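Q: Below are the structure tokens for one structure; questions will follow.
The values are calculated or read from the model by the stated rules, or taken from the named source; none is laboratory data. Keep in mind the model is a prediction, meaning the values are calculated, not measured. Cβ sites come from the backbone with ideal geometry, for glycine too, and all protein chains shown count toward neighbours. With ligands, DNA and RNA removed, areas are computed over all heavy atoms of the protein, side chains included. Shrake-Rupley method; radii C 1.70, N 1.55, O 1.52, S 1.80 Å.
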Amino acid sequence: MSTETPLELKKTINLPKTNFGQKANLGQMEPARLKKWTEMNLYGMIRRAREGAPLFILHDGPPYANADIHIGTALNKILKDFVVKSRTMLGFDAPYVPGYDCHGLPIELYVDKKLGAKKANMPAVSIRRACREHAADALKRQTRDFQRLGILGLWENPYLTMSNSYEAETARLFGRFIERGYVYKGARPVYWCIHDQTALAEAEVEYREHTSPSVYVKFPFSGDPAQIDEALAGRKVFFLIWTTTPWTLPANLGIAVNPNFEYAAIDNGDEVYIVAIELATDVMRKCGIGKVFPQAFDPPNDAGVVHSVLARFPGSKLDRLECRHAWLDRPSLLMLGEHVTLGGEADAETELDVKEARDKKATGKAGTGLVHTAPGHGHDDFVIGKQYGLEIYCPVDNAGRFTPDVEYFAGEGVFEANPKIVEFMRERGVLLFSENYEHRYPHCWRCKNPVIFRATPQWFIAMDSAATKEASQPELDEDGRVRSNYTENFTDSEVGVSLREAALHEIERVEWIPAWGFDRMRNMLKGRPDWCVSRQRVWGVPIPAFYCNACNEAVADKGIVNHVADIFEKESADAWYAKDARDLLPENFKCPKCGGEEFSKETDILDVWFDSGSSWAATWKEYFAEKFGEWQQADVYMEGGDQYRGWFNSSLMVSLAAHDRAPYKAVVTHGWTVDAQGKAMHKSLGNAVAPEEVIKESGAEILRLWCASTDYHEDMRVAPEILQRITDGYRKLRNTARFALGNLHGFEPARDSVAEDEMLEIDRWALAELDEVVALVRAAYKAYEFHAVFHRLYNFCTVALSARYFDIIKDRLYTFAPRNIARRSAQTVLYKIADALARLLAPVLVFTADEIWENLPQVGGGDEAPSSVHLATFPESTNVQDMELRTRWALLFRLRDEVLAKLEEARAAKVIGSSLEAKVRIRPSALVRKTLEKYKDDLRYIFIVSQVELREWMDEPEVHSLIFEDIQVERAEGEKCERCWNYSVHVGESERYPAVCERCVEALREIEEGAAA
RNA sequence: CGCGGUGUAGCUCAAUCAGGCUAGAGCAUUCGCUUGAUAAGCGAACGAUGAAAGGUUCAACUCCUUCCACCGCGACCA
């Protein structure tokens, strides 16, 4: 025994000590750590560390390189980072190549605005340069912001849809579509300014007041009226249409009716008129038809106009019947379309402002329920016309004049022709009524003239025409089956399948998360029309097609496309604009049709969705092909739900054309960020939460934790209160880690670890809890259930650790001799907990987990441990938890809850303050007595009281239903030990340490011996 | 208007798929304890007519129907 003076009690307490601060100071810590990661090339280290491990690729959907990132963009990227980091820690080689969508209208418009009037005289190459600069600038800022979020990836070399290699690959992929026979050139209506003689994008039109002639016109039915209804047999039947653009009537090829509406045949003497029954009264009144009858007919009306209804029938009955054009010698086909409404707003392509039309609907209905359809002059008309196989007929030239084949009006400008057509119809007796109609009509934003809808030639990718058979080797799927098995529904195996069929088949093999994504995708695919890939713009990948100057033949085949692509590869797609056609074509190329040698270039560019849809094929080639060989599917795509019709869709198309497979094995969608009320966020509403502000005020870590806290499958609310909760949660996690780290001061795992079978039982209980958490969290990461990760870990920290385990072991950690095996036992567990927490939290709390990692005493003096937690793997779960042990402890903790409640009562009654001032008497039931007896000496520590006494029941049979009964709390016996604060009747028995209890006397002896040794 | 999704305490989540004790946690709030995790820790209390209305059933948060709200996509919407 030491002869020195007694130790100063306070100094013999092992208080926590760590450099891991209570305050995170994320604002400074995060950038500092990012810098460190950059300097050590952490991402490169991870790649090397996982070299040869199973590959797992999350393919990044490219954000649009226009504006700065918003909270939704941040969410998307953070969720992706969770995936990449967690797969990495699950042992996969999970490279992350970010990308940016650089082409497209929004950038071009932005540049237009910036260039102003200058643009008109600028060559395309210069405009493209300006666009390129803008995109480069935006993506640079976005990259900086993404990196700030703690996202690791190949930031120094992201894929850019405007890079030479990408543009070249995009062109080649378009060549694949051509090669397989999916591409055709057709016409489609677009906004057209007849003054500027150019197509306009939607964003380039503005709505202004305009007066149009509103006309009701009758089209004679050319079939047998009895087909419609017996009552009409032998009558002269006419279908009434309404339009505000009489000039489109020469292009009329059909009449659309709604299959669900009821139509009426109305008697007007010699003639019978067909209109929607609901509109019949209004139409008849307008046209001055009908007589005043005393009897009420159906439907009765309020204006005293009564007409007789000869028959009524659903629109569906009219399908594919035929009328004659009102004055031209050609048929007008009756078609069924859901777009037909009773408001009249679908009646004309001119009725572009639906809201306006609906307002009108409220005051006075227009239209007849039969829609004049000119496929060359309206969007719906076009769609339904395609569906019914009508020609996309547009007899109007660039200047808005009728072409020579238009009888009576050839050469007339359409707006000038309007009154003439009205007059013409009146003379012919086909016009029932006309009036002036005030409405909002689209005008060119540049020249302010009214625009028209006009079909112009466009490139399409066919959804329904079968692909031509490939000459190449049949592709095998993972089961070794010939891929063309998806043609099994076709008897002739030489016939390929259409893109739509292939897509519908392929999506069944994709894992959709959530599962309803499959239905969603299927609906999208079923309904989507042919893909119009033409854009009349300059900022994009040019459609690599040529036109023979001699015979006007469009020339586009794989060979030519690849030749052009090779040029793009070297010089970027700017070459299309910088070079002449002959320099873009192979030498001595001649028109396959006429042998002509002079060609002009296609001026359309590809839809940007084609660009981004090409991303996986392009990135595989550029980033992975060399190392991993043959193309393979990406493991997962992860985007917002808006991408079903967007990127998921276009990527599927491109991948099917290129590889006959979906580009993804799994598709995960996330919801949208909404405000506290669940409302969508809009800058204009002022309810948007800016990521940079969250970062500035709270740190990226908080934003990341928010992403992990909420179930992203649904809409995710962000608001100050929510972020505050998250910040509190962060503190809790941090403090939990800090407690563990602080109590590991002086603990060297290799030297001081205690084997599990030598541990105290509660320590083994804690390990069992940890083991379960590890298993659950690993599973949650695998299933992309990040909110489950967060809630499991968080609950583990608060309930199992902070409220129970840590609270209980404090006594042991603080008051036992540092090297006492019981203390080492607890420390061993704390070490494992801290280690596991760091690893399990790492994908979410990228910075903090790494900080925990650094403050962890490392096995073997730290040499073996990776220099960052992000190089480590998740802890393994043994999954062989001692269930009996856990059951026993579940019981003990239940008893503890009851004791705590009793302590609270005693506290309220001022019997005790601190729980250590208490002594607890328990009379256990027969059910639990045995268990409690076993833990007799441990109960005081479990309850954190000074004494526990177990007592017998007098009359046990009566209380078999009770588990615990009669818990009594009284003041602890003896004096408070100055060192451990427990009460003991033995305080004062030591001469050397008179203020101390028997446990502390022993601890102090150990400490003094240790010091002497 | 069409397609899809979601509604459980003030907040974030469980249990819902295969209906079954008194709908569970944590946070927040209030109160108390502690002052050896201390701009921390522990406990207790309070807090949900399960969006609403019907229906099926012995039994419904769970299944069915309707409706409302919100979100996304598509619509001749911005």
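Q: Counting just the residues of the stretch A:870-893 that are touching a residue at least 12 places away in the same chain (Cβ under 8 Å), open to solvent by 30 Å² or more (accessible area, probe 1.4 Å) and assigned to a helix (DSSP H, G or I), which one comes out nearest to RNA strand B (Cβ to nearest atom)?
A: Top of the filtered list is A:LEU891.
Q: In the list A:LEU703, A:LEU741, which residue meets the criterion of being closer than 20 Å to A:GLN28 by Cα, in contact (Cβ under 8 Å) with a residue 24 or more places away in the chain and open to solvent by less than 20 Å² (accessible area, probe 1.4 Å)?
A: Just one listed residue meets the conditions, A:LEU703.
Q: Another question about this same structure. Having 3 or more residues that are at pLDDT below 75 is the bar; report the strands (runs of 3 or more DSSP E) wholly within the stretch A:265-354 that clear it.
A: Correct list: empty, since no element meets the threshold.
Q: Hey, among A:ALA822, A:ALA838, which residue is part of a helix (DSSP H, G or I), under 21 Å from A:GLU854 (Cβ atoms) and away from RNA strand B (no atom under 12 Å from the Cβ)?
A: A:ALA838
Every residue, every condition in (1) at pLDDT below 95; (2) within 30 Å of A:PHE56 (Cβ to Cβ), yes or no:
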site	(1), (2)
A:GLU714	yes, yes
A:PHE739	no, no
A:HIS745	yes, no
A:ASP757	yes, no
A:GLU761	yes, no
A:ARG764	yes, no
A:LEU770	yes, yes
A:ALA783	yes, yes
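Q: Out of everything in the stretch A:510-530 that is within 8 Å of RNA strand B (Cβ to nearest atom) and in a loop (DSSP other than H, G, I, E, B), what residue ends up being most open to solvent (accessible area, probe 1.4 Å)?
A: If we take residues in the stretch A:510-530 being within 8 Å of RNA strand B (Cβ to nearest atom) and in a loop (DSSP other than H, G, I, E, B), then A:TRP516 is most open to solvent (accessible area, probe 1.4 Å).
Q: Does A:ARG896 satisfy the criteria of being near RNA strand B (Cβ under 10 Å from one of its atoms) and open to solvent by less than 50 Å² (accessible area, probe 1.4 Å)?
A: So A:ARG896 fits the description; yes.
Q: Against the condition open to solvent by 20 Å² or more (accessible area, probe 1.4 Å), of a type in the set (D, E, K, R), closer than 22 Å to A:TYR441 by Cα and not in a loop (DSSP other than H, G, I, E, B), how does A:ARG141 come out, does it pass?
A: no
Q: Of the conditions (1) at pLDDT 90 or above; (2) within 30 Å of A:TRP531 (Cα to Cα), A:VAL237 fails just one. Which one is it?
A: Condition (2) is where A:VAL237 drops out.
Q: To continue, here is another question. What are the pairs with Cβ atoms under 8 angstrom where one residue, in the stretch A:417-438, is in the same structural domain as A:LYS218 (by TED's automatic domain parsing) and the other, located anywhere, is open to solvent by 80 Å² or more (accessible area, probe 1.4 Å)? Sequence gap at least six, or different chains.
A: As it stands, the answer is A:PHE424/A:TYR408; A:SER434/A:ARG426; A:GLU438/A:GLU209, since those pairs meet every condition given.
Q: Within the stretch A:579-586, does at least one residue satisfy the condition of being surrounded by 19 or more Cβ atoms within 10 Å (Cβ to Cβ) and more than 36 Å from the chain's Cα centre (by Cα)?
A: Scanning the stretch A:579-586 turns up at least one residue that is surrounded by 19 or more Cβ atoms within 10 Å (Cβ to Cβ) and more than 36 Å from the chain's Cα centre (by Cα).
Q: Quick one: A:PHE92 ticks every box in (1) touching a residue at least 40 places away in the same chain (Cβ under 8 Å); (2) open to solvent by 10 Å² or more (accessible area, probe 1.4 Å); (3) within 22 Å of A:GLY540 (Cβ to Cβ) except a single one, so which number is it?
A: Unmet condition: (3).
Q: Give the stretch A:564-580 a look and list any residue that's within 13 Å of A:ILE543 (Cα to Cα) and in a helix (DSSP H, G or I), or say none.
A: Within the stretch A:564-580, A:VAL564, A:ALA565, A:PHE568, A:ALA575, A:TRP576, A:TYR577 meet the criteria.
Q: Identify, by number, the condition in (1) over 20 Å from the mean Cα position of the chain (by Cα); (2) within 14 Å of RNA strand B (Cβ to nearest atom) that A:THR710 doesn't meet.
A: (1)
Q: If only one of A:LYS558, A:LYS579 is more than 20 Å from A:CYS131 (Cβ to Cβ) and among the charged types (D, E, K, R), which one is it?
A: A:LYS558
Q: Which condition number does A:GLU506 fail, the rest of (1) in contact (Cβ under 8 Å) with a residue 40 or more places away in the chain; (2) under 25 Å from A:ALA783 (Cβ atoms); (3) within 14 Å of RNA strand B (Cβ to nearest atom) being met?
A: (3)
Q: Would you check which residues across the stretch A:47-104 are touching a helix residue (DSSP H, G or I) at 6+ places or on another chain (Cβ under 7 Å), in a helix (DSSP H, G or I) and β-branched (Val, Ile, Thr) and list them?
A: A:ILE71, A:ILE78, A:THR88
Q: Among all residue pairs at least 6 apart or on different chains, which show Cβ distances below 9 Å where the first residue, located in the stretch A:163-179, is open to solvent by 10 Å² or more (accessible area, probe 1.4 Å) and modelled with pLDDT of 95 or more and the second is hydrophobic (A, V, I, L, M, F, W, C) and not in a helix (DSSP H, G or I)?
A: From residues that are open to solvent by 10 Å² or more (accessible area, probe 1.4 Å) and modelled with pLDDT of 95 or more, the pairs are A:SER163/A:CYS102; A:ASN164/A:ALA573.
Q: Take the stretch A:713-736 and flag every residue that is basic (Lys, Arg), assigned to a helix (DSSP H, G or I) and near RNA strand B (Cβ under 8 Å from one of its atoms).
A: Hits for the stretch A:713-736 are A:ARG725, A:ARG731, A:LYS732.
Q: Would you check if there is a residue in the stretch A:59-77 being more than 24 Å from the chain's Cα centre (by Cα) and modelled with pLDDT of 95 or more?
A: No, that holds for no residue.
Q: Do you know which residues across the stretch A:795-804 are touching a residue at least 40 places away in the same chain (Cβ under 8 Å) and more than 6 Å from RNA strand B (Cβ to nearest atom)?
A: A:CYS797, A:LEU801, A:ARG804
Q: Return yes when A:THR18 is part of a loop (DSSP other than H, G, I, E, B), farther than 19 Å from A:ALA700 by Cβ and within 10 Å of RNA strand B (Cβ to nearest atom) and no when it is not.
A: So A:THR18 fits the description; yes.
Q: Something else now. Among the residues of the stretch A:144-162, how many are in a helix (DSSP H, G or I) and touching a residue at least 12 places away in the same chain (Cβ under 8 Å)?
A: Of the residues in that region, 4 qualify.
Q: Since A:SER867 meets every condition but one in (1) in contact (Cβ under 8 Å) with a residue 24 or more places away in the chain; (2) on the phi > 0 side of the Ramachandran plot, which condition does it not meet?
A: Failed condition: (2).
Q: While we're here: Provide a single number: the residues in the stretch A:367-396 that are buried (at least 16 other Cβ atoms within 10 Å of the Cβ) and in a loop (DSSP other than H, G, I, E, B).
A: 14
Q: Something else now. So, in the stretch A:918-934, of the ones that are at pLDDT 90 or above and open to solvent by less than 40 Å² (accessible area, probe 1.4 Å), which residue ends up farthest from A:ARG971 (Cα to Cα)?
A: Looking at residues that are at pLDDT 90 or above and open to solvent by less than 40 Å² (accessible area, probe 1.4 Å), I get A:VAL920.
Rundown of residues vs (1) touching a Lys or Arg at 6+ places or on another chain (Cβ under 9 Å); (2) open to solvent by 70 Å² or more (accessible area, probe 1.4 Å); (3) not aromatic (Phe, Trp, Tyr), yes/no style:
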{"residue": "A:LEU7", "(1), (2), (3)": "no, no, yes"}
{"residue": "A:THR12", "(1), (2), (3)": "yes, no, yes"}
{"residue": "A:LYS17", "(1), (2), (3)": "no, yes, yes"}
{"residue": "A:GLY21", "(1), (2), (3)": "yes, no, yes"}
{"residue": "A:LEU34", "(1), (2), (3)": "yes, no, yes"}
{"residue": "A:THR38", "(1), (2), (3)": "no, yes, yes"}
{"residue": "A:ALA49", "(1), (2), (3)": "no, no, yes"}
{"residue": "A:PRO54", "(1), (2), (3)": "no, yes, yes"}
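Q: Among the listed residues A:TYR110, A:TYR64, identify the single one that is without any contact (Cβ under 8 Å) to a residue 60 or more places away in the chain, aromatic (Phe, Trp, Tyr) and in contact with a His (Cβ under 9 Å, 6 or more places away or on another chain).
A: After applying the criteria, what remains is A:TYR110.
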